Each structure stands twice: as structure tokens, then as C-alpha cells.
1. Does segment 221-242 contain at least one residue that is within 14 Å of the chain's Cα centre (by Cα) and away from ligand 2 (no atom under 16 Å from the Cβ)?
2. May I ask you to say which residue of VAL280, VAL261 is more than 16 Å from ligand 3 (Cβ to nearest atom) and not aromatic (Phe, Trp, Tyr)?
3. Return the residues of segment 236-258 that are at negative phi, surrounded by 14 or more Cβ atoms within 10 Å (Cβ to Cβ) and more than 16 Å from ligand 3 (Cβ to nearest atom); say none if nothing qualifies.
4. Evaluate segment 124-133: report whether one residue or more is without any contact (Cβ under 8 Å) to a residue 12 or more places away in the chain and in the same structural domain as GLN171 (by TED's automatic domain parsing).
5. Need pairs with beta-carbon distance below 6 Å; first residue of a type in the set (Gly, Ala, Ser) and within segment 232-255, second crowded, with 20+ Cβ neighbours inside 10 Å; sequence gap 6+ or separate chains.
6. Any residue that is under 21 Å from ALA104 (Cβ atoms), within 11 Å of ligand 1 (Cβ to nearest atom), at pLDDT 95 or above and of a type in the set (Asp, Glu) - is there at least one of those in segment 242-256?
7. Need the failing condition index for GLU118 against (1) closer than 22 Å to SER256 by Cα; (2) surrounded by 18 or more Cβ atoms within 10 Å (Cβ to Cβ), just the number.
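The values are calculated or read from the model by the stated rules, or taken from the named source; none is laboratory data. Only a predicted model underlies this, so the values are computations on that prediction, with no experimental measurement involved. Cβ placement follows ideal geometry from the backbone for every residue including glycine, while neighbour counts extend to all protein chains displayed.
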Amino acid sequence: MLSFRIVVLPGDGIGPEVVAEAVRVLQTVSELSSDFELKLESHQFGGCAIDSTGEPLPSSTLKACQEADAILMGSIGGPKWGVNAKVRPEPGLLTLRKTLGLYANIRPANLASDSLLEYSPLRPEIAKGVDMIVVRELIGGVYFGTRKEQGVAPDEEVAWDTMIYSVQEVQRITRVAAQIALAADPPLDIHSVDKANVLASSRLWRKVVTETLKNEFPQLKLDHQLVDSAAMFIVCNPQKLNGVILTENLFGDILSDQSSVIPGSLGLLPSASLAGAPSVPSADFKPTSGIYEPIHGSAPDIAGQGIANPIGTILSAAMLLRYSLGLEKPAKAIENAVRKVLDLPEAGGLGLRTADLGGKVGTKELGDRIVDILKTLL
Ligand code: NAD
Ligand code: IPM
Ligand code: MN
């Protein structure tokens, strides 16, 4: 029997609450399969790790992540380790991504169920049919350029960060976006987002994206958007950006949160961070590790109340099964179970809603219902 090692990093705030439900989902998948087993082990990461060890990414956690078949993460950070703290959780996440070489962050934004249209901040006729995948470069750009904090001397008045990209970094993320676009039938359009009217790194970005696609993927349609107008289109005409939004680290961070609320709530959407293009289950499936996490943060404002929406994390577990383990059937079953709890009764679903979607169902109860349905689908 195949055995997979999955490292679980619950993290801070609502992280442990939402991860607990995704873990139950994975345990259900494992228990009901006779072909494979999932061995889950939790490790300290983030603010909780700072409290117990003094650092956000203890070496034992990093080692476990390096040896794992895949990593399921909740979220890290919070006011206790805020921007003025000496040691903060966020640099631990950046180090983990960089050390594992996870340069491709894939963040789909689409409606898990049409019944959620009424929760979109956009009018239903604008939100309906939105289907975007943000492909965000994750280990370059201003996040990783040299920076200088403001010094402590009274006359120190500057701090700076450098946005830097190499040709090779842009080429490899462009290839990931192209492979994702090509995996769809018909292939998806690619919208590359930059700020080439101002930034030198964006002019390099635009040139390399254009050349890479022209030389290696001439069948794909490409357009370029400036990030300010892309942000505007995501709100007033998001369907213009349907397909793949290919962008650098900081722009992708911002645009992925923005696009994620179109389907109703930040709590609904999953993400994968990989060291290459996702390999979908097939005869020549190539396993690759990666971090799977909801795109939201630790939500300190609702932590500890048992009301967080666990769906983004549960759907991240489905991505983990598909992309790192090559297990399409249970991945699809999880996605169908989620759709069923969200769909309205007249569409054959349960119509359950957590507080972020105007409902009263708690984190654990939603997890219970998803597990119940999943058992009937596996
Ligand atoms: P956030 O994503 O934590 O929360 C933004 C808003 O969305 C809040 O009102 C929150 O209640 C709501 N929300 C988020 N997830 C939800 C869910 N599952 N169910 C219901 N409501 C949900 O963003 P923030 O408040 O700006 O950041 C808080 C902390 O999280 C910061 O320390 C930040 O650095 C960190 N963060 C971590 C990650 C990560 O671990 N990958 C990602 C983003 C932010
Ligand atoms: C995300 C988060 C992280 C980022 C933070 C917590 C470092 O916002 O995963 O989107 O900016 O990449
Ligand atoms: Mn973010």
C-alpha cells in the first residue's frame, strides 16, 4: 500500500481551527482507501513557534517540510507578533517558501456554487461566470530584494526595499502559467500584469513574458495589463480577466485577495505553492511537494470563536491530493462534498453558511457535514 507523509502546520489565529477540519477530511479519505494511507504529522510554525522556541520556523519543522510529500498549512501571524515585534512569523513563511523553491503560487478564484452569487460584493450579473486563476511569482521581487529598515538614530529618515527580477525567474513562472492555460480545453487566455510604465523590473517582466510565450507557446493568447487598471477591471468587469492572471509577487498578493472575494468570501478559496507547474493525475504524473493553504490569514478578529469558514483549507487539501499525490478521485470527491454543503436545498444541497456568508453554522459543524457527504462519495 502506498504511504504518503503529510506535514501539517496549523499556525496561529484561526489556522488551527480550519486546519482541524481539513485534517478530518484527509483522515476520512485515508481511512476509506485500501490503496494508500496518509500519515499526518503536525509541526510548530509561525507565532506559536516563536512563543515556544524563539523562532517562527524551527529547524525541526523545516526538516520535516523538506522530507514531506506535501504540506498543509493554516495561517500564521497576529497582533501578538505585530509589525514592531523583534521576531515575526511572516519572515518564517518567506524562508520556508524560498528554501523549498516554491516559486509558483496558484490561486483560483471561481464560484464554488452559484448559490453564493448573492454574497459577492459585486452585482450578481458581474460576478456570475468569473473564473480566474492568479499565478503569482512567489520567491522573487520586492519580497526578496535587499531592504533596509529605518535605523534607530534620530536622523535616520529612510527605509527601502528593492524590486528585482531576473530573466530566468520570469521565464519559469511564465512557463507555469502557460502549462496551466494549456491544461484547459479550450486553452485559457493569459493576462500578464505589471507596472511597465514606471518600473524597470516590470519592463523586463513584460519583455520576457512576451518572448517566452511567442517562442514556446505561440498558440496561447496574451495581453498585458497595468496593475492599476487590472485592479479596476477586477471590480467593474472581472470577466475581462477570466483565464490566467500572471503576475509578480507583490501585485499577485494584492490582486489575489481582491479577486478572492468575488466568489463571496476570502474564507472560501484555496491555494497551492509549488516548485513548478502542477502535474495533474495521469499516466506520467510527476509527484511534487508543495504548500497548500487557504489564501486568507489568521483572522485575529474572529479567532477562538469557532466561526471561521474552513472551506478554503478543505479545498486546499483537495489540491494537495491532486497535485502532490496524484489522487484525482478523492480530490474531486472533496470538491463535490463542498459544493453540496453550499448548494441550496432546491439544487439538491444543504445550503449551509458560516458567518462570513451571513449564516450561523460553525467551523466544526460545517466540517462534520462535509465529512458526512464525503463518506458517501468516496
Ligand atoms: P486576514 O485574511 O487574516 O483577515 C481579513 C478579514 O477576512 C478579517 O475580517 C477576517 O475575519 C476575514 N476572514 C479571513 N479568513 C476567514 C475565514 N476563513 N472565515 C471567515 N472570515 C475570514 O487578513 P489580516 O487581518 O490582514 O491578517 C491577519 C494576519 O494574518 C497578519 O499577521 C498577516 O500577516 C497574516 N496573514 C497570513 C497569511 C498566511 O499565513 N499565508 C496570509 C495572509 C495574512
Ligand atoms: C499570503 C500572505 C503572505 C504574503 C504574508 C503572510 C507573508 O499575505 O500568503 O498571501 O504576503 O505572501
Ligand atoms: Mn496575502
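1. Residues of segment 221-242 within 14 Å of the chain's Cα centre (by Cα): none.
No.
2. On the way: VAL261 fails: more than 16 Å from ligand 3 (Cβ to nearest atom).
When all the criteria are applied, what remains is VAL280.
3. The answer is PRO238, GLN239, LYS240, LEU241, ASN242, VAL244, LEU246.
4. As a first pass, look at segment 124-133 and keep what is without any contact (Cβ under 8 Å) to a residue 12 or more places away in the chain: 124-125.
Subsequent filtering for residues that are in the same structural domain as GLN171 (by TED's automatic domain parsing) retains 124-125.
Looking through segment 124-133, at least one residue is without any contact (Cβ under 8 Å) to a residue 12 or more places away in the chain and in the same structural domain as GLN171 (by TED's automatic domain parsing).
5. Listed pairs, sorted by first residue: GLY243/LEU188; GLY252/VAL134; GLY252/ARG136.
6. Checked segment 242-256: at least one residue is under 21 Å from ALA104 (Cβ atoms), within 11 Å of ligand 1 (Cβ to nearest atom), at pLDDT 95 or above and of a type in the set (Asp, Glu).
7. Failed condition: (2).
Conditions (1) crowded, with 19+ Cβ neighbours inside 10 Å; (2) on the phi > 0 side of the Ramachandran plot; (3) within 16 Å of ligand 3 (Cβ to nearest atom); (4) without any contact (Cβ under 8 Å) to a residue 24 or more places away in the chain, marked per residue:
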site	(1), (2), (3), (4)
THR53	no, no, no, yes
SER59	no, no, no, yes
MET73	yes, no, yes, no
ILE76	yes, no, yes, no
PRO79	no, no, no, no
ASN84	no, no, no, yes
PRO91	no, no, yes, no
LEU96	yes, no, yes, no
LEU100	yes, no, no, no
